[in-house]
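Derivation of every value follows stated rules applied to the coordinates shown; laboratory data play no part. No experiment lies behind these values; they were computed from the predicted model shown. Methodologically, a virtual Cβ is constructed for each residue, glycine included, from the backbone with ideal geometry; neighbour enumeration extends over all protein chains shown.
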Amino acid sequence: MIVVTVERVFYQCTKAIIRSKLWDPARHVDGKSLPTTGAILAAAQTAGRLGGDEHDRGQLERTMAKLY
């Protein structure tokens, strides 16, 4: 069993959420235009030491093995 104790809670004011136009479809980005987690890991976080296509290919299997 894991017990989580919350010390602080931060929330965003309603006006800021509305002003962000988070739900405005005209502002949504096509997910296919975004980098994969492997690309982000390789390029932005590990200078090419980890990540890339191999990371992306194993993503579903890792998720199923570790998340559930």
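Here are some notes:
- The chain: relative contact order as a whole-number percent, Cα under 8 Å and 6+ apart: 18
- Between V6 and R19, the simple spin-label model (points 7 angstrom out along Cα→Cβ) gives 2.5 nm.
- Sequence-distant lysines (8 or more away, or on other chains) whose Cα lies within less than 26 Å of K66: K32
- Sequence-ordered 3J(HN,Hα) estimates for the stretch 44-51 from the Karplus curve with 6.51, -1.76 and 1.60 and θ = phi - 60° stand at 9, 10, 10, 6, x, 6, 9, x Hz, glycine and proline given as x.
- Within the chain, helix-based [θ] at 222 nm, where runs of 4 or more DSSP H residues each add -39,500 (n - 2.57), nearest 500: -8500 deg cm²/dmol
- Options (i) 3, 12, 11, 12, 12, 15, 23, 11, 1; (ii) 3, 18, 21, 17, 13, 10, 8, 5, 3, 1; (iii) 3, 18, 29, 27, 14, 6, 2, 1, 0 - which one matches P(r) over Cα pairs in 5 Å bins from 0, in percent as calculated here: (i)
- Of the GluC sites (Glu not before Pro) in the chain, those whose Cβ has at most 16 other Cβ within 10 Å and which sit in DSSP loop: E7
- Toward the positive end of the charge dipole of the chain, with +1 on the Cβ of Lys and Arg and -1 on the Cβ of Asp and Glu, the farthest Cα among A47, L22, Y68 is that of L22.
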